[in-house]
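Take a look at the structure below.
The values are calculated or read from the model by the stated rules, or taken from the named source; none is laboratory data. The structure displayed is predicted, hence computed values, not measured ones. Here Cβ is always computed from backbone atoms with ideal geometry, including for glycine, and neighbour counts include all displayed protein chains. Accessible surface is based on the protein model in full, side chains and every heavy atom, while ligands, DNA and RNA are left aside. Shrake-Rupley method; radii C 1.70, N 1.55, O 1.52, S 1.80 Å.
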Amino acid sequence: MIRSIVTGGAGFVGSHLSDFLIARGHQVTCLDNLITGKKENIAHLLSNKNFKFIKTDVSRTLPILPKAQYVFHLASPASPVGYQTYSIETILTNSIGTQRLLDYCRKSKAKFLFASTSEVYGDPKVHPQKESYWGNVNSFGPRSCYDESKRLGEALVYEYIHKFKVDGRLVRIFNTYGPRLNEEDGRVVSNFITQALTGKAVTIYGSGTQTRSFCYVSDLVDGLWRAISKSATRGNVFNLGNPAETTIRQFAANVLKLCAGPNVKIVRKPLPQDDPIRRKPDISKAKKTLGWSPRVSLNEGLGLTIDWYRGRI
Ligand code: NAD
Ligand code: UDP
């Protein structure tokens, strides 16, 4: 039996990854302190004999863990609202938490995957972003707790690969969306959909000309699995995201078309400090090495996501 450990397994991405692994016959141990995740996301898995949930903070101590083949380190708040509320916790989870999991992998010889982020590119001066780009990051601002702790996590992964021969790799995840995206964490996808469905004004920050590239969660999960399970991925960095780039203004128009009439208003709010102006992954490396590319179009993924929110509102 193959066993995987998923930190942050009660979160948005982690719960979908757990579903994916359970469906493939793995035993999954989910470590989560529920700081931004919800037990509701894994409620359907709790009675499964192959799924075990342990409520724990991976930046403090790790519980005694069973021997696993794969460790996915996804624990960390991910939205600007989430990581700014839990800023110190975010720093510790991506640094000390990462080190604890790397130590576990060093001893157990498990394969390790660290969930890094497109935020390590900061407000990028190079477009689209390739893995070789070093980024343009503010080390002293409201996004630093996230950006810099992910960068430190990356450095730890590098050192454990080279000093201790850990079988590690990392993925830089670009904006991902889908069912279970927490409606209260202020991300653009959850905000726009809940606003449009409840007839509230849709809040565009700044001019709305800033861009993002949105990846549907099933595509991301497929990429996470390929990045850890394919041969010759040790020591590599992969961008995982959908390169279809859209302005936030166009994205608002799409959401409105799909879930509400044209009567929903749009209001402008100030652009948050250090909000990246353009973001789009270059995924040629993941395509070539992992044979991966996203399959779900924005309209299809938004339709599935909106259906899920409709069932809750
Ligand atoms: P999420 O907030 O839904 O999930 C994160 C989970 O980690 C939550 O369940 C939270 O309770 C848990 N957690 C946080 N700190 C912890 C700790 N110290 N110990 C144990 N559990 C802890 O966020 P998500 O969108 O699912 O993101 C998952 C991972 O992917 C994160 O590492 C994030 O940085 C990365 N990522 C996500 C996106 C995205 O668009 N969703 C983009 C880039 C990177
Ligand atoms: N945004 C917006 N309205 C909202 C929430 C976000 O215009 O209600 C913008 C935000 O300023 C950013 C983009 O949408 O330019 C994506 O924001 P999100 O918080 O989802 O993720 P980020 O990529 O910034 O981490």
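Taking the Cβ of residue 11 as the centre, find all other residues whose Cβ is under 15 Å away and add up their charges (Lys, Arg: +1; Asp, Glu: -1).
-3
What FRET efficiency comes out for the pair residue 277/residue 155, r = Cβ-Cβ distance, R0 = 25 Å, nearest 0.05?
0.45
Within the set of other residues whose C-beta is less than 11 Å from the C-beta of residue 241, count the net charge using Lys and Arg as +1 and Asp and Glu as -1.
With Lys, Arg at +1 and Asp, Glu at -1, the neighbours total +1.
Between residue 163 and residue 231, what is 0.36 nm times their sequence separation minus the Cα-Cα distance? Round to one decimal in nm.
Gain on extension, residue 163 to residue 231, equals 22.4 nm.
Among the DSSP beta bridges whose two residues both lie in the chain, what percent are antiparallel, rounded to the nearest 5?
Here the share of antiparallel DSSP bridges comes out near 10 percent.
By its C-alpha gyration tensor, with a ≥ b ≥ c as the square roots of the eigenvalues, how is segment 35-189 shaped: rounded for a/c under 1.5, else prolate for a/b larger than b/c, else oblate?
The shape class here is oblate.
From largest accessible area down, sort 26, 16, 162; use a 1.4 Å probe on the protein chains. Don't skip to the answer; put the middle values down first.
Working: 26 5, 16 35, 162 95 Å².
Result, largest first: 162, 16, 26.
Once neighbouring chains are kept in place and the probe is 1.4 Å, which whole percent of the accessible area of the chain is contributed by carbon and sulfur?
Values: 7210 of 13630 Å².
Carbon and sulfur together cover 53 percent of it.
With the other protein chains left in place, how much accessible area per residue, in square angstrom, belongs to the chain at a 1.4 angstrom probe?
Value returned for the chain: 44 Å² of accessible area per residue.
Report relative contact order for segment 17-71 in percent, whole number only (criteria: Cα-Cα under 8 Å, sequence separation at least 6).
With pairs under 8 Å counted, the relative contact order is 37 percent.
Given 164, 127, 309, which one lies farthest toward the positive end of the charge dipole of the chain, if we put +1 on the Cβ of every Lys and Arg and -1 on the Cβ of every Asp and Glu?
The residue sitting most towards the positive pole is 164.
Could you pull out every residue, at least 5 positions away or on a different chain, whose amide H is within less than 5 Å of the one on residue 129? Hs are placed 1.01 Å off N in the peptide plane, and Pro or chain starts have none.
Those lying under 5 Å, H to H, from residue 129 are 280, 282.
Keeping all protein chains in place and using 1.4 angstrom, which order do 218, 190 fall into by accessible surface area, from largest down? Please list the in-between numbers first.
On the way: 218 60, 190 0 Å².
Largest accessible area first, the list is 218, 190.
Name the residues whose placed amide hydrogens come within less than 5 Å of the amide hydrogen of residue 3, ignoring near sequence neighbours (fewer than 5 apart) on the same chain.
The list, which skips near neighbours in sequence, is 27, 69, 70.
Starting with the highest mean, order 238-245, 153-160 by the number of other Cβ atoms within 10 Å, averaged over the residues of each peptide.
238-245, 153-160
Just add up the charged neighbours of residue 140: K/R +1, D/E -1, any other residue whose Cβ is under 13 Å from the Cβ of residue 140.
-2
Mind listing the long-range amide H neighbours of residue 266? Cut-off is under 5 Å, sequence gap 5 or more, other chains count too, H placed in the peptide plane at 1.01 Å from N.
Placed amide hydrogens put 202 under 5 Å from residue 266.
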